[in-house]
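The values are calculated or read from the model by the stated rules, or taken from the named source; none is laboratory data. Since the structure is predicted, the reported quantities are computational estimates derived from the model, not experimental observations. In this analysis, Cβ positions are derived from the backbone assuming ideal geometry, glycine residues included, and neighbour counts consider all displayed protein chains. Areas reflect the complete protein model, heavy atoms only, side chains present, ligands, DNA and RNA absent. Shrake-Rupley method; radii C 1.70, N 1.55, O 1.52, S 1.80 Å.
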Amino acid sequence: MPGNLKIAYKLLANDRARFAALLLGITFAVFLMIAVTSMFSGTLKRASATVINLGGSIWVMDPSIQTVANTIPLPDYVLDEVRSIPGVKFAVPVYAGSALLKLRDGTYQSANIVGLDDASLFGRPMLISGHIEDIFAENAFIAVKDSEFYKLENPTIGTDFEINDHRGVIVGIAKVASSGLFGVPTLYTTYYRAVYYIPNMRFTISYILVEPKTPADVAAIKRQVAAAGYLALTRDEFITKISDFYKYQTGIGVNLMLMTVISFIIGLSISGQTFYTFILENVERFGALKAIGAKGRELVFMILFQAAFVSATGFGIGVGLCSMVIWLARVYLPDYAAIMTFPNLGLAFGMVVVIAAVSSYVGVRKVLTIEPFDIFRG
Amino acid sequence: MPRIAIQATGLTKWFGEGEARTYAVRDVSFDAYFGEMLYVVGPSGSGKTTMLSMISGILRPNAGKVMVEGTDIWSLSDNALAAFRLHKIGFVFQDYHLFPRLTTAENVAIPLILQNRDWDEAMDEAMHDLEVVGLKDKAPLPPVKLSGGEQQRVAIARAIVSRPDIMIFDEPTASLDGETGRTIVSFVRQHVLTDQRCIVMVTHDARIYEFADRIAKMEDGRLTGTEREKLDA
């Protein structure tokens, strides 16, 4: 490390009270910003759980659909029409709905029911217990072992329950990539069993999952589906649509953004104020350095280094603290939905950079305007 | 014939413009020589500090020239002027301006660090100069743990560590009691002043006049004459 930066580091770190206040301000701001955005990311991921877990390159749906949970059933002929589109490798129906289960102890439990295409079982989950072909057995259901699994009384293979006066039997335990948003367990079965066991409207297909022959066919398939009066979205587009719904049409996104901005302002206030007083306390000495022969840009570099160092350290501590809190929360609350994503970290880092830039700007201005002659005049 | 260290010619400095223009220094010319300790004395507001700032490359004069070893320092660029101050001039400020969060040794090493010298090498030289000023044992302490006299000696060590040709002292005894002030200046006279170095000192303190080679008197921004009190005594 160059000597002048070492001096800058010592000036900062040896002023323990102020260094601690700076770190506290930035750490607190980073912690809040990442915690809030992580909770939001976790919520958004769970909101798209069905899409993530089932896969499917293209999802065909009613154009009015906002989220995967609010299905608008499609007529059967749409499936035929989609299958007839050139460029479609295959298209399968999927059922996504909910039902009330009566468990062995007599209690009722709401559950998500996913009905997979009987012919292909496209979108089937990875089993950790049991065999996938058992899904074709009488009354067969596969339970998903996610954070809601315990609500089914931790079933094992052979555990039975009632669903709309039908008997249901667990024939397999599966794991999926993402738990659902609404805190209810998920069961997989075949499409026709789902339609048969659960009361439905006239149409029963929730979505049609389409696999194009080549990626180049996607655009044409989307156009053809649109021409038929329906909407075809790639998986990522559907996830984005769901995220946008929660971000912009529920108020959750705005509230969390406000929280993030408030965290940023708190961090900026504490750090900016502390850094300013730190510079103010040392401004005459910086002036003395100028008189001795330090160039303006060297002093600016020292101040920028101090701001960058304290920001990077505060960012690291904030991220670590947030990770620890999320980990601890998950130990005690398995349903806790929070995930740190690179965009979240990037956003927090960007805001920390702004905090450092604003704080150091004030200091740099102060130091650049001090004249060595003022040091002589006292 | 002593060699000229600083040659100031027609130095003039004013502040403000128009009717508000106030002259701090008017047409001051003098030479300072290597191996001499030149005092600049005079009442408050007489222009001593302004003149000191101009000859040390800190405050640009409105008129006049300052030649140091054949170079007109005010013809240099800002960066070259900063480098000139860093390598050629040692400053001892009235209030010391030591960094309280650094150790005494680190404070002394600052000019060398600004010269991009290796940290360990700078610390070794700082320790050497702390030994010169009799404060080697205080090296690991922060300056706030030292007395006023000791802090002044640390400031002197910081000023000499880069081996400057010219040393500028601004009221070095102003914050010290009489005895400590005399001790400090006596020390400077004996250990800091060499044939290869010129010391210019602004002071009010008549108790230290005896250590000067020459005393330049200023009044209302003008140099009213120099006395060779020390040499003539």
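Structure values in brief
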item	result
Strands (runs of 3 or more DSSP E) wholly inside the stretch A:132-213 containing at least 1 residues that are basic (Lys, Arg) and surrounded by fewer than 14 Cβ atoms within 10 Å (Cβ to Cβ)	A:166-175
Test: residue in the stretch B:92-99 that is closer than 19 Å to A:ILE7 by Cα, hydroxyl-bearing (Ser, Thr, Tyr) and within 13 Å of another protein chain (Cβ to nearest Cβ)	yes
Unique residue being assigned to a helix (DSSP H, G or I), touching a residue at least 24 places away in the same chain (Cβ under 8 Å), within 30 Å of B:GLU106 (Cβ to Cβ) and assigned by TED's automatic domain parsing to the domain that holds A:PHE286 when the list is A:ALA29, A:ALA21	A:ALA21
Checklist (1) over 26 Å from A:GLY293 (Cα atoms); (2) modelled with pLDDT of 90 or more; (3) among the polar types (S, T, N, Q) applied to B:GLN151, failing item	(1)
Test: residue in the stretch A:120-130 that is at pLDDT 90 or above, crowded, with 16+ Cβ neighbours inside 10 Å and farther than 18 Å from A:VAL94 by Cβ	yes
Residue match in the stretch A:306-320 (condition: within 14 Å of chain B (Cβ to nearest Cβ), surrounded by 15 or more Cβ atoms within 10 Å (Cβ to Cβ) and not aliphatic (A, V, I, L, M))	yes
Test: A:LEU299 is of a type in the set (A, V, I, L, M), in contact (Cβ under 8 Å) with a residue 12 or more places away in the chain and either more than 14 Å from chain B (Cβ to nearest Cβ) or in a helix (DSSP H, G or I) (or both)	yes
Members of the stretch A:323-378 that are of a type in the set (Val, Ile, Thr), more than 15 Å from A:GLY272 (Cβ to Cβ) and in contact (Cβ under 8 Å) with a residue 40 or more places away in the chain	A:VAL325, A:ILE326, A:ILE339, A:THR341, A:VAL367, A:ILE370, A:ILE375
Extreme residue, nearest to A:PRO212 (Cα to Cα), among residues of the stretch A:63-94 that are surrounded by fewer than 18 Cβ atoms within 10 Å (Cβ to Cβ) and within 26 Å of the chain's Cα centre (by Cα)	A:PRO63
Candidates A:ILE262, A:ILE279, A:ILE266 - the one that is of a type in the set (A, V, I, L, M) and within 14 Å of another protein chain (Cβ to nearest Cβ)	A:ILE279
Subset of the stretch B:57-88 [within 8 Å of chain A (Cβ to nearest Cβ) and open to solvent by less than 40 Å² (accessible area, probe 1.4 Å)]	B:ILE58, B:LEU59, B:ALA82, B:ALA83, B:PHE84, B:ARG85, B:LEU86
Residue among A:LEU368, A:LEU333, A:LEU289 that alone is on the phi < 0 side of the Ramachandran plot, of a type outside the set (Ser, Thr, Tyr) and surrounded by 24 or more Cβ atoms within 10 Å (Cβ to Cβ)	A:LEU289
Positions within the stretch A:56-94 being touching a Lys or Arg at 6+ places or on another chain (Cβ under 7 Å) and not assigned by TED's automatic domain parsing to the domain that holds A:ALA216, in sequence order	A:GLY56, A:SER57, A:TRP59
Residue identified as more than 12 Å from chain A (Cβ to nearest Cβ), aliphatic (A, V, I, L, M), in contact with a Leu (Cβ under 8 Å, 6 or more places away or on another chain) and surrounded by 16 or more Cβ atoms within 10 Å (Cβ to Cβ) among B:LEU114, B:LEU102, B:LEU146	B:LEU146
All positions within the stretch B:117-133 that are surrounded by fewer than 18 Cβ atoms within 10 Å (Cβ to Cβ) and within 20 Å of the chain's Cα centre (by Cα)	B:VAL132
Scope the stretch B:9-39; condition under 18 Å from B:ASP170 (Cα atoms) and in contact with a Phe, Trp or Tyr (Cβ under 9 Å, 6 or more places away or on another chain); matching residues	B:ALA24, B:VAL25, B:MET37, B:LEU38, B:TYR39
Condition check for A:GLY97: surrounded by fewer than 23 Cβ atoms within 10 Å (Cβ to Cβ), out of contact with any Lys or Arg (no Cβ under 6 Å at 6 or more places or on another chain) and closer than 19 Å to A:THR234 by Cβ	no
So A:VAL51, is it at pLDDT 90 or above and open to solvent by less than 20 Å² (accessible area, probe 1.4 Å)	no
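Here is a yes/no grid of residues against (1) within 14 Å of chain B (Cβ to nearest Cβ); (2) more than 30 Å from B:ILE58 (Cα to Cα):
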site: A:MET340; (1), (2): no, yes
site: A:LEU345; (1), (2): no, yes
site: A:GLY363; (1), (2): no, no
site: A:LYS366; (1), (2): no, no
site: A:PHE373; (1), (2): yes, no
